[in-house]
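Chemist: Provided herewith is a single structure, encoded as structure tokens, for subsequent inquiry.
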Amino acid sequence: MIHMRAKICPYFDNHQSACTLMIDDLASVAVVPAGEKISAKYDWGYLMDGPDSLYYFLEEQLLKAHPEIRGTVFLPLSSYKQLHSNEKYRVFTRTLDVEFMAFLNRIRSRFDFAFHGTWHSKAEYNGVHSTPANIELEFTVVKPPDIERIRREIDAFSSCSGISFSGGKYPGYKNNEFAETLIEELGFLWWMSDASMINKISKFSRHRYIGKGNIILDLPTTISGSLFAIIQERKLKQALRYLKKAIKGTSPTSLLDELVQKQFPITVQEHFQNQGPSGKRQKPNVFDDIQSLKMLFDHFRKFDLWYCTCSELAAYLENADHAVIHARNDGEFELTYTGRYSDCSLSLLLSTEKIIRPDNRKLYTGRPVHEGYVFNGLGRGIYSYNIEQS
Ligand SMILES: [Zn+2]
């Protein structure tokens, strides 16, 4: 009998780690200072993918040179209703109409979509250009009865756009005691609840499970898209502090190296929302961080990364956590799966080049790697490595 070695790969196709670009707050909004022209610098998605839009800017400046990039757009469904023009800013908004939905569908080959609240946040200003006196974030004030309104908004969006959500993120990563139960009851498979691990290595750099039943996979937010911009903008005092840290081995590049080496996912935080009517630029944002993003994705090329969406990443990690390989006597093994998806879809590293499913005679050939052969997309079932006899 062949002695068989088999293990579930940590990431799809046995990549060392995964990389996803997260764009929060893409909305049908532009906030333009008086006297300025509406352009990518002030666009949050209002111009869609038109020639002056922020999406076109991102495409031209980053995505064209990096066709490997994939990611997730976190959509607040009705935040555009919250913003109003003032004497210093003109606010442009549009409803999520057919044209806007068509735009979202055009970018689906690169990005999938996740839920990011309905109204997202409300800010009160005492005067123009003042720091908001009070910012209320949606999931810090949700109450159990809100579930019906949220469900209705999600359903209406999905039926118009054909886009459904499997995960999401709290606006501002903030929540109250009702929020977790609410997202669990809404049926979300994955979430992003916390960003405290951003730009550092911590015990929270790995995913975990949240919710009453501990069944919602919670992805970490590990890197800010402005990681390299932070260096460029540093003042002297900060630069000295940064240098001290760099000597200890926590410079941005060594941080990225360590994340990958420890097999933590690289989830890059960015925003489309950029200019607020408070006069402040949102940080990080795609427009201001474009150089940093280029440096990040150039650096990533030296790694063996799986470029994926957050939904794909969450599904793979959940599947891997809930699957077991059982060796059987007769030259077979069984892959069992007990998670929340209808079936798993996993990458296995085996010491043999070919396997077959005795039930449907489907033959699989592995991709040779240093330690054996990688098989992708395996669901639950019995597999045999005795090709001739089975
Ligand atoms: Zn947001």
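The values are calculated or read from the model by the stated rules, or taken from the named source; none is laboratory data. Here the structure is a predicted model, which means the values were calculated and not measured. Here Cβ is always computed from backbone atoms with ideal geometry, including for glycine, and neighbour counts include all displayed protein chains.
Chemist: Could you give every pair whose Cβ atoms fall below 9 Å, whose first residue belongs to region 299-312 and is within 14 Å of LEU189 (Cα to Cα), and whose second residue is surrounded by fewer than 20 Cβ atoms within 10 Å (Cβ to Cβ) and among the aliphatic types (A, V, I, L, M), counting only separations of at least 6 or pairs across chains?
Modeler: From region 299-312, the pairs are SER311/LEU189.
Chemist: Which of the strands (runs of 3 or more DSSP E) found entirely inside region 287-390 contain at least 2 residues meeting this: under 26 Å from the mean Cα position of the chain (by Cα)?
Modeler: Ranges flagged: 305-307, 346-350, 372-378.
Quick grid of which residues meet (1) among the acidic types (Asp, Glu); (2) buried (at least 18 other Cβ atoms within 10 Å of the Cβ):
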position: GLN275; (1), (2): no, yes
position: VAL286; (1), (2): no, yes
position: LEU296; (1), (2): no, yes
position: GLU332; (1), (2): yes, yes
position: TYR341; (1), (2): no, no
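Chemist: Looking at PHE92, PHE139, PHE113, PHE103, can you tell me which residue is touching a helix residue (DSSP H, G or I) at 6+ places or on another chain (Cβ under 6 Å) and not in a loop (DSSP other than H, G, I, E, B)?
Modeler: None of the other options fit; the residue is PHE139.
Chemist: Applying the selection to region 273-286, what residues are closer than 14 Å to VAL32 by Cα and either away from the ligand (no atom under 12 Å from the Cβ) or touching a helix residue (DSSP H, G or I) at 6+ places or on another chain (Cβ under 8 Å) (or both)?
Modeler: Of everything in region 273-286, those that are closer than 14 Å to VAL32 by Cα and either away from the ligand (no atom under 12 Å from the Cβ) or touching a helix residue (DSSP H, G or I) at 6+ places or on another chain (Cβ under 8 Å) (or both) turn out to be ASN274, GLN275, PRO277, SER278, GLY279, LYS280, ARG281.
Chemist: Taking region 2-40 as the region of interest, how many residues are over 23 Å from the mean Cα position of the chain (by Cα) and farther than 30 Å from PHE375 by Cα?
Modeler: Selection size over region 2-40: 10.
Chemist: Answer with yes or no whether LEU182 is over 19 Å from the mean Cα position of the chain (by Cα), at pLDDT 95 or above and hydrophobic (A, V, I, L, M, F, W, C).
Modeler: Criteria met by LEU182.
Chemist: Going by what's in this entry, would PHE74 be described as outside any loop (DSSP other than H, G, I, E, B), away from the ligand (no atom under 16 Å from the Cβ), among the aromatic types (Phe, Trp, Tyr) and closer than 30 Å to ILE135 by Cβ?
Modeler: Details: outside any loop (DSSP other than H, G, I, E, B): yes; away from the ligand (no atom under 16 Å from the Cβ): no; among the aromatic types (Phe, Trp, Tyr): yes; closer than 30 Å to ILE135 by Cβ: yes.
For PHE74, the condition - outside any loop (DSSP other than H, G, I, E, B), away from the ligand (no atom under 16 Å from the Cβ), among the aromatic types (Phe, Trp, Tyr) and closer than 30 Å to ILE135 by Cβ - is not met.
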